[in-house]
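The next block holds one structure in the form of structure tokens; read it before the comments.
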Amino acid sequence: MAAPQRLFDIRRVIGGLFLVYGLILTVTGLFDSAQEIQKAEGIRINLWTGIAMLVVGGAFLLWERLRPSDGPAPSDEEE
Amino acid sequence: MPDAQLLAAQDLRLDVNVLDYVILALYFLVVLGIGFAAKRAVRTSLDFFLSGRALPAWITGLAFMSANLGATEVLGMAANGAQYGAMTLHYYWIGAVPAMVFLGIVMMPFYYRSKVHSVPEFMRRRFNGATQLLNAGTFAVAQILIAGINLYALALIMDAMLGWPLWLSIIVSAAIVLAYITLGGLSSAIYNEVMQFFVIVAGLVPVVIIGLTRVGGFSGLGEKVKQSVLGEGGLHTWAHTAGTDNPLNANWIGLVFGLGFVLSFGYWTTNFAEVQRALSARNTNAARLTPIVAAYPKLVIPIVTVIPGLVAVVLFGNLGKDGGPTYNEAIPLLMNEFLPNGVLGVAVTGLLASFMAGMAANISGFNTVFTQDIWKAHINGDHPDEWYVRLGRIATVVGVLAGIGTAFIAAGFGNIMNYLQSLFSFFNAPLFATFIIGLFWRRMTAWAGFWGLLTGTVCAFASYILYKAGVFDFGTELNASFWGAGIAFVVDAIVSVVVTLATTPKPESELRGLVYGLSDASVADDALAGDTAWYRSPVILGAGAVVLAAAFYLPFL
């Protein structure tokens, strides 16, 4: 029985998605126009959200790297 | 009434551009990728329905909470925040959290160790086949109605983005949800649920930050709420609950007994769409930890739901008024007001993903119960395993099609949370009564289970109809659902006791592992190394969550 988490770890999926989103937002944030910044009450929201997502994405990937599988594999008693 | 709804929805138009669509498209590429990968891993019906019982507590815990963070939470709780103010916090701190902890500590061992597929199957083993069928039937109906709410909310966002008519948005949304659940069953639904949770938080946090900046921080928000239609009452949770002079028109008995005890315990402990998440955990301890792990994020979810609701009521004076936007639109309005392209794409993706996850949870709950508890248990149980996996897929299609129909019912309610709570009072409150009495009173008989459940459900429904007809005066729709739940519980309990005294109980040998105090010695201990650590103790973690919930009330008494 192939347990789903052996196939693809959710931490890797979330980490990867957040890194890509973070990159897109950070780059967008760097080039945001004054009008866009004003819309967000003067906060460079794309830039900050992008950086935060990069950090969160990195943290997920690091977690996955440091603890690859969460405890021993379950018994296959159902088989 | 639905006409006013559709007109109001068309006023809101999100200014999305290519960047936002790229972010949205990326998400769905990943979602479909997971669906395909999960499909290859699905071999047996156990895999399809319960993810092979192989997941650790942190995945099932997040999935447990994310299954609930659909339309109900995001639009509904923001709508409640705008309509009722800080009293909405009761849903989280006296409602959800204690119930989730109770589920983990007390009830989960019975569910998990009896190796049932579903709550109705548990009802069959504790009571009889008729009780199972009744429970499965009402559950299936409830899931389809709730799927309609999620679908409607999803369509509302698509409508705001693309300007499509609501009916087209509903049909397209349904097609997308269908594509993604049929691919991988519960595995893909669970993985997507966890992902959408993080994306929606990433999209809502900027809304909260900018919103608070606009209104002058927490103190500014407080000041402005006092001057808004909500007034001083909008900032308090327990003040004036001795009477009904508060935004909810609910007194503390309704709050504690109706919402806190019956409605929330009923929802969290017997709602199979939720419990199913814990059943896919890898052992008893992980299953018990599932709702408790979920209780911690649940404590702080109001930051991204209730606060935006309050900001919206301050900024949009016509919210919820005749001719203005409905309360349901509080969050999309704020997104439109504050978010530049980019973050807007993340927020839209999070919302769309959230409703899909919510609907997927309803549909996967529906197809499990339909296949296992209605078809296999009562119509024909002699087919090979693959046959039921296929029937599950057909049930999914039927469920989504039926959800399209119920989405139009949901469209008729200005506050979808109120509609949802009414449904819970019909279906979950009596189930909880039957379940809890059956668990702690071993003499309770099989037919007491059936008749208690039936009369409880009918009475909750009757009280709602009488409220609608103006016979009962509960003040608000929400308060009506608290009382409906309370009435259902009491009637169910009385009928259960009366029927029990008139019928013969089941022998103890048939109740082993199903009632409190009669454990099943034949079930092996499945603890893993490390389960004895304090940070894996359901009791310690559960107590921590309840204490935090109580502490969080202090600034909002």
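The values are calculated or read from the model by the stated rules, or taken from the named source; none is laboratory data. Just so we're clear, the structure is a prediction, and the values are computed from it rather than from any experiment. Ideal geometry is used to build each Cβ from the backbone, glycine not excepted, and the neighbour counts take in all protein chains shown. Note: areas computed on protein heavy atoms with side chains; ligands, DNA, RNA excluded. Shrake-Rupley method; radii C 1.70, N 1.55, O 1.52, S 1.80 Å.
Observations on the structure shown:
- Test: residue in region B:394-402 that is buried (at least 16 other Cβ atoms within 10 Å of the Cβ) and free of Cβ contacts under 8 Å to residues at least 60 places away in the same chain: yes
- B:Leu299 meets all of the listed conditions (1) modelled with pLDDT of 75 or more; (2) on the phi > 0 side of the Ramachandran plot but one, namely (2).
- Some residue of region B:85-95 being over 22 Å from B:Gly350 (Cα atoms), modelled with pLDDT of 85 or more and away from every other protein chain (no Cβ under 14 Å): yes
- Against the test of being under 26 Å from B:Gly33 (Cα atoms), modelled with pLDDT of 70 or more and aromatic (Phe, Trp, Tyr), the options A:Phe18, A:Phe8, A:Phe31 yield a single qualifying residue, A:Phe18.
- Only a single criterion out of (1) among the hydrophobic types (A, V, I, L, M, F, W, C); (2) touching a residue at least 60 places away in the same chain (Cβ under 8 Å); (3) closer than 30 Å to B:Phe413 by Cα is not satisfied by B:Ala493, namely (3).
- Matching residues in region B:474-495 - criterion: being among the small types (Gly, Ala, Ser) and crowded, with 24+ Cβ neighbours inside 10 Å: B:Ala480, B:Ser481, B:Gly484, B:Ala485, B:Ala488
- Those residues of region B:197-214 which are within 10 Å of chain A (Cβ to nearest Cβ) and open to solvent by less than 10 Å² (accessible area, probe 1.4 Å), in sequence order: B:Val199, B:Gly203, B:Pro206, B:Val207, B:Ile210, B:Gly211
- Near pairs, Cβ below 7 angstrom, 6+ apart or cross-chain, from region A:46-63 (more than 9 Å from chain B (Cβ to nearest Cβ)) to any residue that is among the polar types (S, T, N, Q) and assigned to a helix (DSSP H, G or I): A:Leu47/A:Thr26; A:Ile51/A:Thr26; A:Leu54/A:Thr26
- Members of region A:60-79 that are surrounded by 14 or more Cβ atoms within 10 Å (Cβ to Cβ) and at pLDDT 85 or above: A:Phe60, A:Leu61
- A:Leu25 vs. criteria at pLDDT 90 or above and either more than 9 Å from chain B (Cβ to nearest Cβ) or part of a loop (DSSP other than H, G, I, E, B) (or both): no
- Verdict on B:Thr138 being part of a helix (DSSP H, G or I), over 26 Å from B:Asn415 (Cβ atoms) and hydroxyl-bearing (Ser, Thr, Tyr): no
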